[in-house]
Structures are given as structure tokens and as C-alpha cells.
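Laboratory data are not the source of any read-out in this text; all were calculated from the coordinates shown. What you see is a predicted model, and the numbers here were worked out from it, not measured in a lab. Glycine also receives a Cβ, built like all others from the backbone with ideal geometry; neighbour counts cover every protein chain displayed.
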Amino acid sequence: MPIEPPPTTWTLARPPDDHPHDAWGLGADLEPGTLVAAYHAGLFPMRVEGDLVWWSPVRRAVIPLAGFRVSRSLQRAARGFEIRVDTAFADVMRGCADPRRPHGWIDVEFIDAYTRLYELGWAHSIEAWDDAGLAGGLYGVACGGLFAAESMFHHRSGASKAALLGLVELLLEAGGERLLDAQWSTPHLLSLGAVEITRAEYRRRLDAALLLGDAFTPGRG
């Protein structure tokens, strides 16, 4: 079971359903208790021009597990990788933080903060390995039946998709109405079956998902 961190000293209120902007709050910190409270409230942090901003998208991208699109090419690619969980969390975060990537926002402070969440059992990495080593992966935060996917990367073609497929299979195996949050839609995510839902619908699904045990704990469900 994840270890409960000390409670946050900040008030992280949920935005109203009709709040017209994706950005909701500014400031606070990245302490474990703050991050856990934020994900329970449907918020996530990203830095913008040095400022720590808390987001609750008006249109939230989620990946329905039963609707995940596994093409023949993805099936072929996935067979070339071994999927592992939580064996190289910091390496996955560093891969996602590659400064050559456009619009990068994962800095040393984020890596340190989410590594502490990982050490407490709240953050997880799903990794695709091949004979050359870590080929790609993704990381995110699990709160009950929510998995909030934060970022993914690949060194070899198909590796990040294979890791995402591994995550979907893990969540399906855990059972229950689990919520795979992808934050904002992209053409890539839409091609894999992601859909957009309203903030109100996201919160309804989030509240139901939080009642479940997380998929990374034996005996969950």
C-alpha cells in the first residue's frame, strides 16, 4: 500500500465545473502531500515560464481501457519489448525530461518530487526494455483506481506505445471502473482511442475510481 505523506499545508480546492480556463491555481509546492491532494482533486502541476501552475482542463483526455486501439503494427512492435514496472523510475523520468523535446517542463525539481512519490508508492513507471536496454516508457501517479499518466518517451520506435499497452493491460487485469487520465488530447493519443470528456464527467469518474484499490498493490480491486 502507498505510504501516506504528511498532509499538505495548502488548500487545493476543486475548480467549479463551469470555470472557463484550464489553469486553476498558481504557486504552492511539490511536496508529496500536496501532489497526492492535487490528484485527488483532479489537478496536476506543470511549470510555465518558471511558475508552478495547477491545471484542470475544461476538456480532459482519458483513455477508455476497453477502447484502447491495438493495431497490428503495435502488436508487432510490442512483441519486441519486455515490459517491466517500477524498475527504472528515475531513468524514465530523465528520458521524459530530455531537454531536446519541445515544450519541456520536467526539471530537476519535478524529478526529485515524483521520485519521492515513487518511493512512497504513489508514482510508477512502466518500461519497455529490449536487448540494448531501456527503450522507452512512461510514468504517472496512481491514486486508487486513477492512473494519471504524466509523460512518455522512447529511444526506439514503438517503445512508448508498447509501455502504454502494458499499462492498459495491467489496469484491465486489476478490474473495476479504472480511470486512465491523459490530461490533454493529441492526435497520437486520439489514434490510440483517447476521448475528451468534460470536467464534470471527469470528476464523476474520478470520485468513483478513488474508491478502488490501486492496480500496483496485490489484492487490489
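Just a few scattered comments:
- C-alpha center-to-center spacing [segment 43-103, segment 174-192] in angstrom: 10
- Per-residue [θ]222 nm for the chain (sum of -39500 (n - 2.57) over DSSP H runs n ≥ 4, rounded to 500): -9000 deg cm²/dmol
- For the chain: rounded, prolate or oblate by the Cα gyration tensor [a/c cutoff 1.5]: rounded
- FRET efficiency for the pair LEU190 and THR11, taken as 1/(1 + (r/R0)^6) with r the Cβ-Cβ distance and R0 = 45 Å, rounds to 0.80.
- For ASP131, the shell of other residues with beta-carbons less than 13 Å away shows a net charge of -1, using +1 for Lys and Arg and -1 for Asp and Glu.
- Dipole size of the chain about its Cα centre, with +1 on Lys/Arg Cβ and -1 on Asp/Glu Cβ: approximately 800 debye, rounded to the nearest 20.
- Rg(Cα) / (2.2 N^0.38 Å) computed for segment 76-195, rounded to two decimals: 1.00
- Lys/Arg +1, Asp/Glu -1 at C-beta; segment 92-159 dipole; positive extreme among HIS154, VAL108, LEU134: HIS154
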